[in-house]
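Report on the following structure.
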Amino acid sequence: MDKSNVVEVQDVTKTYGKKNEKQYQALKGVSFEVESGEFVGIMGASGSGKTTLLNILSTLDQPTSGSVLINGSDVT
Ligand SMILES: Nc1ncnc2c1ncn2[C@@H]1O[C@H](COP(=O)(O)OP(=O)(O)OP(=O)(O)O)[C@@H](O)[C@H]1O
Ligand SMILES: [Mg+2]
């Protein structure tokens, strides 16, 4: 990890719905980095996965796959 990256999101996916339930892939291959001092906004249509992504970044929810590093530590 580059030392200046405070947030590193690597190939995150999120599929809602347990086995035998209806599945819905809300996030597919999301990757980005946020450097120290950067101010980032997330834009997208209703249902595009903004809240899903922020729930994963804040550890309220877990990704189906992929990783999230905060200051170099994997929080997933
Ligand atoms: N707990 C859940 N179970 C099943 N599907 C869900 C769940 N939460 C969200 N979804 C679905 O995942 C997709 C992304 O939802 P999300 O709430 O992340 O979008 P959003 O970008 O925050 O939308 P909005 O702008 O309306 O707040 C939507 O299709 C939504 O119906
Ligand atoms: Mg939302």
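The values are calculated or read from the model by the stated rules, or taken from the named source; none is laboratory data. Keep in mind that what you see is a predicted model, and the values were worked out from it rather than measured. Methodologically, a virtual Cβ is constructed for each residue, glycine included, from the backbone with ideal geometry; neighbour enumeration extends over all protein chains shown.
Assorted remarks:
- All positions within region 1-18 that are within 14 Å of the chain's Cα centre (by Cα) and acidic (Asp, Glu): 8, 11
- Filter result (within 16 Å of ligand 2 (Cβ to nearest atom) and assigned to a strand (DSSP E or B)) within region 19-52: 24, 26, 27, 30
- Contact map, region 13-29: residues that are over 13 Å from residue 53 (Cα atoms) and free of Cβ contacts under 8 Å to residues at least 40 places away in the same chain paired with residues that are outside any strand (DSSP E or B) and of a type in the set (Lys, Arg), Cβ distance under 8 Å, separation 6+ or inter-chain. No pairs are found.
Residue by residue, here is whether (1) at pLDDT 95 or above; (2) over 15 Å from the mean Cα position of the chain (by Cα) holds:
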position	(1), (2)
20	no, yes
24	yes, yes
42	yes, no
48	yes, no
61	yes, no
67	yes, no
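- Number of the exception - residue 63 against (1) surrounded by 16 or more Cβ atoms within 10 Å (Cβ to Cβ); (2) of a type outside the set (Phe, Trp, Tyr); (3) within 13 Å of ligand 2 (Cβ to nearest atom); (4) in a loop (DSSP other than H, G, I, E, B): (3)
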